Amino acid sequence: MSIASTELSESVICSTLSPTDVPRRRAGRPAATRSITTWPAGVVWAAVATDYPVVLTELDRSLTSIESVLDPESKRAEIAELEKEVARPDLWDDQENAQKVTSRLSMLQGELERVGKLRSRLDDVQVLIELAQSESDSDSLAEADQELKSLQKAIDSLEVRTLLNGEYDQRDALVTIRSEAGGVDAADFAAMLLRMYLRWAERHHYSAEVYDTSYAEEAGIKSATFAIKAPYAYGTLSVEQGTHRLVRISPFDNQGRRQTSFAGVEVLPVTEQADHIDIPEGDIRVDVFRSSGPGGQSVNTTDSAVRITHLPSGIVVSCQNEKSQLQNKAAAMQVLQAKLLERARQEREAEMNALKGDGGNSWGAQMRSYVLHPYQMVKDLRTNYEVSSPDAVFDGEIDDFLDAGVRWRRTQEVAA
């Protein structure tokens, strides 16, 4: 994932390209190129060829910086301790703790493996370039160019991961989407966003579980709550929190007028056993009802769906996607715990902001526009990152937006 469409090299640049056609590069990373290359066959290309020493040095510097931040030695020490825990015969007597230990071990091993593979790939491509240049092998150099682009993208992605160092960033994410102003178009937009995030999870082979979906009468959804279960899912997706805006010709308007609609996205960290969220039985009211599908139709003949109201705060959560009432209640309680954890975090943050004289940013602040008419553009209003391919974005290609958001958030934290 990279913040912009970074290109390390192009085979041929046609003379008809305008300056706006050149891919944007991240600030501080100038193109490592030279203007003319003569190949052994005597063909002179009007080309932008990779300046390999500069590119290799830059990639090595970036990877070395990432390695220093990740601190492999401390991670190896933690892995050794966790492996001792895993080897204990009574580990699975406490299944929740066992899952936490094995999950942490798997994550740390994955991080070290990821860095190690990138270092090996960088060493291998350097050897490939040296051999190709010594033998004047243009095909191998072209292969090296592609590998360098791939390495740049992978290193950019890992670099963003190092910025996810918040208290809950490593956790799974609990996401709620709600339709807001805009009527049936807003409900349809909320459904489009739900599909977008689920497709993003699918592209990365992340586990996604939909807990609750409230369908609108004509089309789309009123709201949906789902979990993305992957390392750093919360830290990555938390930058999606806020109000999303859609501008398009409404497919529900007989006169074909342009419609602006809104949907809100809320992202919470999934709670863990160590969070100690105490919810007395007297503080909640549990109601059961039959699950419903699109158009309000009943999809279950038993009262398996569960709605929980937290009386002191007024927070209401529901779950109807599991098969049994017991499973739905457990899932609803997990959602309630996450909301109460976030509520406590916001209260602490409000106290700190009051001391600093800073009101902070509302979760409802508008953060991205999806324009389908009169032109096609998706633009993040905080980072100014934009693309002209909304279809791809709605199909889950949001990595660059997520990267840009994480980097932007870090700059805001540093500035504060």
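Computed quantities for the displayed model
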| quantity | calculated |
| --- | --- |
| Scan of region 289-301 for residues that are modelled with pLDDT of 65 or more and among the polar types (S, T, N, Q), ordered by number | Ser291, Ser292 |
| Test set (1) over 22 Å from Glu266 (Cβ atoms); (2) small (Gly, Ala, Ser); (3) in the same structural domain as Gln337 (by TED's automatic domain parsing) - Ala154 fails condition number | (3) |
| Pick from region 364-378, criterion assigned to a loop (DSSP other than H, G, I, E, B) and of a type outside the set (S, T, N, Q), ranking: surrounded by the most Cβ atoms within 10 Å (Cβ to Cβ) | Leu372 |
| Number of positions in region 379-401 that are aromatic (Phe, Trp, Tyr) and in a helix (DSSP H, G or I) | 2 |
| The one condition in (1) at pLDDT 95 or above; (2) in contact with a Ser or Thr (Cβ under 9 Å, 6 or more places away or on another chain) that Gly242 fails to fulfil | (1) |
| Pair list, Cβ under 6 Å, 6 or more apart: region 210-228 residue aliphatic (A, V, I, L, M), other residue part of a loop (DSSP other than H, G, I, E, B) | Val210/Asn321; Ala227/Asp172; Ile228/Tyr206 |
| Sole residue being small (Gly, Ala, Ser) and surrounded by 15 or more Cβ atoms within 10 Å (Cβ to Cβ), chosen from Ala87, Ala132 | Ala132 |
| Sole exception among (1) assigned to a helix (DSSP H, G or I); (2) charged (D, E, K, R); (3) over 22 Å from Val406 (Cα atoms) for Glu217, by number | (1) |
| Residue, farthest from the chain's Cα centre (by Cα), within region 305-324, restricted to residues that are modelled with pLDDT under 90 and polar (S, T, N, Q) | Ser324 |
| Selection within region 300-353 - part of a loop (DSSP other than H, G, I, E, B) and acidic (Asp, Glu) | Asp303, Glu322 |
| Flag if Leu237 is farther than 22 Å from Leu381 by Cβ, at pLDDT 95 or above and within 14 Å of the chain's Cα centre (by Cα) | no |
| Subset of region 388-403 (residues that are in contact with a helix residue (DSSP H, G or I) (Cβ under 9 Å, 6 or more places away or on another chain), of a type in the set (A, V, I, L, M) and farther than 16 Å from His244 by Cα) | none |
| Contacts under 6 angstrom Cβ, first residue in region 123-139 being under 19 Å from Ser150 (Cα atoms), partner among the charged types (D, E, K, R), 6 or more apart | Val125/Glu147 |
| Only listed residue being assigned to a loop (DSSP other than H, G, I, E, B), closer than 24 Å to Thr64 by Cα and of a type in the set (A, V, I, L, M, F, W, C), chosen from Leu158, Leu148, Leu164 | Leu164 |
| So Trp39, is it touching a helix residue (DSSP H, G or I) at 6+ places or on another chain (Cβ under 6 Å), at pLDDT below 90 and among the aromatic types (Phe, Trp, Tyr) | yes |
| Residue match in region 140-150 (condition: farther than 20 Å from Thr236 by Cβ, in contact with a helix residue (DSSP H, G or I) (Cβ under 8 Å, 6 or more places away or on another chain), surrounded by 15 or more Cβ atoms within 10 Å (Cβ to Cβ) and free of Cβ contacts under 8 Å to residues at least 12 places away in the same chain) | no |
| Qualifying residues in region 227-281 (those that are of a type in the set (Val, Ile, Thr) and in contact with a Lys or Arg (Cβ under 7 Å, 6 or more places away or on another chain)) - the one surrounded by the fewest Cβ atoms within 10 Å (Cβ to Cβ) | Ile249 |
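The values are calculated or read from the model by the stated rules, or taken from the named source; none is laboratory data. Because the structure is a prediction, the values reported are computed rather than measured. Heads up, the Cβs are rebuilt from the backbone with ideal geometry, glycines too, and the neighbour counts pull from every protein chain shown.
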